[in-house]
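Here's the structure we're looking at; comments come further down.
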Amino acid sequence: MAEPAAPQATAATLLCHPRLWLVPAVLTGLLALLLSLLYMGGIVNPNQELHDLPIALVNDDTGKPPAGQRENLGAQVTAAIAADTGGGKAGWRALTRARAQEQLDSGKVYGALVVPAGFTDAVTALTTSGAARQPAITVLTNPGKGSLGSSLAGQITTKAAHQASLTIGKQLTAAAGAQASPTVKVLLADPVNVITQVGHPIGTSSGLGLTAFYYTLLLVLAGFMGGNVISNGVDTALGYADNEIGPWHTRRPTVPINRTQTLLLKMVMTAGIMLVSASLVLLACVTFLGMDASHLPLLWIYSYCAALAVGLGVQAINAAFGGIGQLVSMFVFIVLGLPSSGATVPLQAVPGFYRFLSHFEPMRQLSDGVRAILYFDARGDAGLTRSWVMIVLGAVLALLFGFAMTAYYDRKGHKRLTPQPA
């Protein structure tokens, strides 16, 4: 006689078992806590964390020093600005005008403060009846470094320029004395006009300097999600995972294959499929959406290599950690990568923990290269050279780590599943 079927469990019965709740509740809570701390911790107060933001300081003033002074006003202004650290928020770099422009064009500074030629003469002329023009100091922005970074630099430089104007105003007011008219005193109190200009223009379809970040995020997601889809698809096809779509459930016969050969299969497939993914990312962003981009062949090759490096890393982590590999790779490539990328909030404006992560987190390495290609004429010194080196290093480490772990598991006889008959 056939044995009676075991009674079917119900949700109401199972919900009464504390052990069923424990692991999901703990893991979900920890994930929510870690995501909140990591994401918000990187952006919650950039002004407080801001330290040594690179800004060029240029003195082009060629005027003669005023009577009784050793330096012209341009030299005095730039020296006073460089000496006043303002809490260490700005990392002033005293440069020539040509050198400052070169650093703006290579993304090495977030902005510049320029005292123009004839500044001393223009200030001196204010105390005479023949004053022809108001003296000016120019603030140069660098939108290619991101809207927030350029904005922070603009705030610092504008504040420094206004402070210099007030200091000069006190000197002029004291020199004019009581004979100056009220109108003249108002002019002399804040005599310098602060002009803001774009130091290194970018295209209008560049998302105010944010397309580099979002394009990098697309490449990372393409590699991350593509790697996991490939991994799950191979496991399903080889019979090491169930295939369940809606009410349909199938399980293929298990193909006898060791871990090393399985990883090799997944990595070769990743290399092939990422060609499609990277091409479609580029096609969608540039052709369909009209994103400003030059050096398209280079951008395509870079996009493929970047997505491939991430995909290989995902395969290696999944092979090493098994079922929790997707969670581990999510933290490596996304959770820790986003706040330490420096693509939205400058690394000089995030806590030290994120600056430490930025030395090796993949998203920072990739975003520097994308930014260099999109905004800085694909210059190697704008971050592209370092990005290529880190892509190659990341791919090599993924291969070494992944195959080292699978070879170890194979030697120890850790088979994934007992083969099932067809």
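Taking the numbered list (1) over 28 Å from E361 (Cβ atoms); (2) more than 27 Å from the chain's Cα centre (by Cα); (3) aliphatic (A, V, I, L, M) in turn, V198 passes all entries but (2). The residues of region 78-115 that are of a type outside the set (A, V, I, L, M, F, W, C), touching a Gly at 6+ places or on another chain (Cβ under 8 Å) and closer than 18 Å to Q163 by Cβ amount to a single one, G111. Within region 238-261, the set of residues being surrounded by 16 or more Cβ atoms within 10 Å (Cβ to Cβ), out of contact with any helix residue (DSSP H, G or I) (no Cβ under 7 Å at 6 or more places or on another chain) and of a type in the set (S, T, N, Q) comprises just one member, T254. Applying the condition of being on the phi < 0 side of the Ramachandran plot and in a loop (DSSP other than H, G, I, E, B) to region 362-395 and asking which residue is surrounded by the most Cβ atoms within 10 Å (Cβ to Cβ) yields F376. For region 404-415, the count of residues that are buried (at least 24 other Cβ atoms within 10 Å of the Cβ) and either within 22 Å of A212 (Cα to Cα) or without any contact (Cβ under 8 Å) to a residue 60 or more places away in the chain (or both) is zero. For region 290-340, the tally of residues that are of a type in the set (A, V, I, L, M) and free of Cβ contacts under 8 Å to residues at least 12 places away in the same chain stands at 4. Restricting V370, V392, V396 to those that are out of contact with any Asp or Glu (no Cβ under 6 Å at 6 or more places or on another chain), at pLDDT 95 or above and more than 30 Å from G149 (Cα to Cα) reduces the list to V396.
Do you know which of the residues in region 18-39 that are hydrophobic (A, V, I, L, M, F, W, C) and in contact (Cβ under 8 Å) with a residue 40 or more places away in the chain is most open to solvent (accessible area, probe 1.4 Å)? Don't jump to the end; show me each part of the working.
Step one: of region 18-39, the residues hydrophobic (A, V, I, L, M, F, W, C) are 20-23, 25-27, 30-35, 37-38.
Those still in the list that are in contact (Cβ under 8 Å) with a residue 40 or more places away in the chain too: 34-35, 38.
Details: L34: 73, L35: 55, L38: 23 Å².
Top of the filtered list is L34.
Reported count of residues in region 138-150, each being under 15 Å from A90 (Cβ atoms) and open to solvent by less than 20 Å² (accessible area, probe 1.4 Å), is 5. Just give me the residues in region 98-108 being small (G, A, S), surrounded by 14 or more Cβ atoms within 10 Å (Cβ to Cβ) and assigned to a helix (DSSP H, G or I), in sequence order. Answer for region 98-108, where residues must be small (G, A, S), surrounded by 14 or more Cβ atoms within 10 Å (Cβ to Cβ) and assigned to a helix (DSSP H, G or I): just A100.
G337 fulfils the conditions (1) under 13 Å from the mean Cα position of the chain (by Cα); (2) outside any loop (DSSP other than H, G, I, E, B) except for a single criterion, (2).
If only one of T216, T236, T204, T196 is in contact (Cβ under 8 Å) with a residue 12 or more places away in the chain, in contact with a strand residue (DSSP E or B) (Cβ under 6 Å, 6 or more places away or on another chain) and under 30 Å from S150 (Cβ atoms), which one is it? Before you say what the answer is, go through the steps one by one.
Numbers: T216 fails: in contact with a strand residue (DSSP E or B) (Cβ under 6 Å, 6 or more places away or on another chain); T236 fails: under 30 Å from S150 (Cβ atoms); T204 fails: in contact with a strand residue (DSSP E or B) (Cβ under 6 Å, 6 or more places away or on another chain).
Criteria check complete, one pass: T196.
For region 283-332, the tally of residues that are open to solvent by less than 40 Å² (accessible area, probe 1.4 Å), among the hydrophobic types (A, V, I, L, M, F, W, C), in a helix (DSSP H, G or I) and more than 30 Å from A407 (Cβ to Cβ) stands at 4. All told, M274 meets the bar of being more than 25 Å from K415 (Cβ to Cβ) and surrounded by 15 or more Cβ atoms within 10 Å (Cβ to Cβ). Checked against (1) in a helix (DSSP H, G or I); (2) touching a strand residue (DSSP E or B) at 6+ places or on another chain (Cβ under 6 Å); (3) under 17 Å from N59 (Cβ atoms); (4) not hydrophobic (A, V, I, L, M, F, W, C), T138 meets all criteria but (1).
The values are calculated or read from the model by the stated rules, or taken from the named source; none is laboratory data. Here the structure is a predicted model, which is why all the values come from computation and not from measurement. Using ideal geometry, Cβ is built from the backbone for each residue, glycine included, and neighbour counts are taken over all protein chains shown. Accessible surface is based on the protein model in full, side chains and every heavy atom, while ligands, DNA and RNA are left aside. Shrake-Rupley method; radii C 1.70, N 1.55, O 1.52, S 1.80 Å.
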